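Since every read-out is calculated from the coordinates, none of them should be taken as a lab result. Just so it is clear, the model here is predicted, and its values are computed rather than measured. Cβ sites come from the backbone with ideal geometry, for glycine too, and all protein chains shown count toward neighbours.
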DNA sequence: CGCCCATCCTACAACGTTGTAGACTCGCAG
DNA sequence: CTGCGAGTCTACAACGTTGTAGGATGGGCG
């Protein structure tokens, strides 16, 4: 059906290897030969068979990206950034959704289907540090996010502790003292939730304010619905608070909604800050203060590092850790005289 | 490095073809041979080389999905649905972002890089009906969305006219008579914007209300920011309205935000309905009435139809059109005594 | 004039898989 | 006892590409 090197070679009256050489910009080809080959190529509408090429070369030019779910805005925006970063480097991206499910995540690490890719960017959610040894795989793997530390692979992450601390400090700088937290994960230490909670606690400590466990609402997922439910629980518990730190924007938006239903004014009664800098927060009512976690920097670093591992340039270099720069973004939800 | 059929064959003391047969569940294999091969496979950690397999079979098991941008929530949720639908059918999805740019879209249709896939799901935004002939490609292609009709390929779409008509009728049923529209595309006829505008006009006609062009705000993209800007223009123009139809949820949310800043109460002063049923609209303040466009149905149909084309079962069947069922979802933004 | 080297091109093998054709064994019907 | 078909397995070729080795031509230099 589709034209092959053979067809082009026949049409141009040269050997297939010469055609291959033309395609791969081999130096020593006479101008007129090259010309003839080019013409044959465009006449036949030839384009190389990538399966054959990758069988021969061992490279596919495709990287895998495994995220929990694209319908979670954070991962959609992350995927967007990563696809763009990959494109700049001539790579295509194949996306897997794990649903945040540990079994599914482990399966992906051992799935032969991934052989269609040169390497994997992996953002686990269900796995924990005890699963770190599963990351010992025989293909290039770069970890995204905060579920696992000290693993055997390169790791690109955001400054969770530092930025959560800054977010909390921001609320404190507005004179707030009772800061509720939405999105904790019970018993977690090194996941995003655990780290951000630690940052929160550090900021309190810095300000000499005792940590009140009653101010922390725990949840399983970081969906809008969970933010709403958590806020309802907080309100029902009767605990008092004058600010809220949402562990991500989605949670914060769900919670804000409930706060407003309950008649609390934002930021007057409750100042709110989220985390992720989703586009959504720029048009909510009120607009949402947040942490810009440096998504583009994360994406770019991750793809670069993965490509280095694929090309073998970094050979057996020990696992490296990268942390993106963050930024506090003040919007209406915390706009108060400082 | 990685084990091949040859290695397994050697270890099990059989021919490579027998190993291949075991892997492909060939019937006539003695139980003990099969056993031995299986053991060798797991011992060597063998998994088939997909490049070789697809070179041989001509199939990759991967489909392409080209959308404007994943950071637009609608496309993120669509991609989510499509990846899930593809997974159910044993397919992987490689995502391309076109940025809604016509040149980029045309490039994708002719790009050899797509040879890594068996077919393409394509959601154009920059192309128009005059570009329909570019869709005449020699690989399986299924069109998503509303930019092009009567093209040479299968086409999966939503009932734009009907559902926009229903959305408008919904607002009319609440006694509203001056319904603003946000998201029109100047001069467009067959894009989503054109079709939805037509549905809007039909609903007005049904109700015997004259169409007032001043109520239509035009915009280029369907981002939050555009919804906000359009609403500001409407307000500044001084035109009166008691309801608003946002051509998608994102626009509607951006516009709602501006409405509220301007002191208009929703739904009391202005009833609002959007389009897409994004998760976001369930937690906005107020929650957003919308059209559920049947995203899962679209995704499932699109993947099924593409797979049929790939397998050749539908051979030279003429292009088919599929329209998903929609549903009006009433939430707070239009909750008024009917 | 003869040699070497750079340039240009070709034949062949190999990547790992699967389809095709056929070899061999065995049990059973004729 | 022969022949046949079902069951089990193997050898070989092919998918389309690129690396390797090497052949042919011509120019420059000793």
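See the values below:
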| quantity | calculated |
| --- | --- |
| Sites residue B:38 and residue A:261 - FRET efficiency at Förster radius 51 Å, r taken between beta-carbons, to 0.05 | 0.30 |
| Top of A:32, A:212, A:269 by mean-square fluctuation, Gaussian network on chain A, Cα under 10 Å | A:32 |
| Peptide B:284-294 - average C-beta neighbours from other chains (10 Å radius) | 2 |
| Taking the convex hull of Cα positions in the stretch A:214-273, its mean projected area over all directions (nm²) | 3.4 nm² |
| P(r) histogram, all alpha-carbon pairs of the protein assembly as shown included - 20 Å bins from 0, percent | 17, 45, 31, 8, 0 |
| Residues residue A:162 and residue B:17, FRET efficiency given R0 of 60 Å [Cβ-Cβ distance, rounded to 0.05] | 0.55 |
| Scattering curve values for the stretch A:1-74, log₁₀ I(q)/I(0), Debye with Cα scatterers, q = 0.12, 0.20 Å⁻¹ | -0.45, -0.84 |
| The stretch A:109-244, Cα convex hull volume normalised per residue, Å³ | 121 Å³ |
| Principal-axis tilt of helix A:160-173 within chain A, Cα atoms, nearest 10 degrees | 40 degrees |
| Principal axis dimensions, largest first and in whole angstrom, of the stretch A:5-48 by Cα | 23, 18, 15 |
| Translational diffusion of the stretch B:41-101, µm² s⁻¹ [Kirkwood Rh, Cα pairs; Stokes-Einstein; 25 °C; 0.890 mPa s] | 181 µm²/s |
| Residue-averaged [θ]222 nm for chain B, counting only DSSP H segments that reach four residues, each worth -39500 (n - 2.57) | -12500 deg cm²/dmol |
| The stretch A:1-133 pair-distance distribution - Cα-Cα, 10 Å bins, rounded % | 11, 29, 24, 17, 14, 5, 0 |
| Residue exposure sequence - A:92, A:174 - by fewest surrounding Cβ within 10 Å | A:174, A:92 |
| Alpha-carbon Debye profile of the stretch A:219-337, log10 I(q)/I(0) at 0.23 Å⁻¹ | -1.23 |
| Per-q log10 I(q)/I(0), chain A, q = 0.11, 0.12 Å⁻¹ (Debye; single scatterer per alpha-carbon; no solvent) | -0.75, -0.84 |
| Cβ neighbours within 10 Å from other chains - mean over B:44-53 | 5 |
| Residue B:237 paired with residue B:225, simple spin-label distance in nm, labels 7 Å along Cα-to-beta-carbon | 2.2 nm |
| Rounded to 10°, Cα long-axis angle of helix B:73-88 versus longest principal axis of chain B | 30 degrees |
| Angle between chain A longest axis and helix A:224-237 axis [Cα atoms, degrees, rounded to 10] | 10 degrees |
| Per residue convex hull volume, Cα atoms of the stretch A:178-217, in Å³ | 60 Å³ |
| Cα pair distances of the stretch B:167-273 binned at 5 Å [whole percent] | 3, 14, 26, 27, 21, 8, 1, 0 |
| Equivalent ellipsoid semi-axes - Cα gyration tensor, the stretch A:269-322, angstrom | 37, 11, 5 |
| Nm distances between copies for residue B:87, ranked from closest, using label points 7 Å along Cα→Cβ | 2.5 |
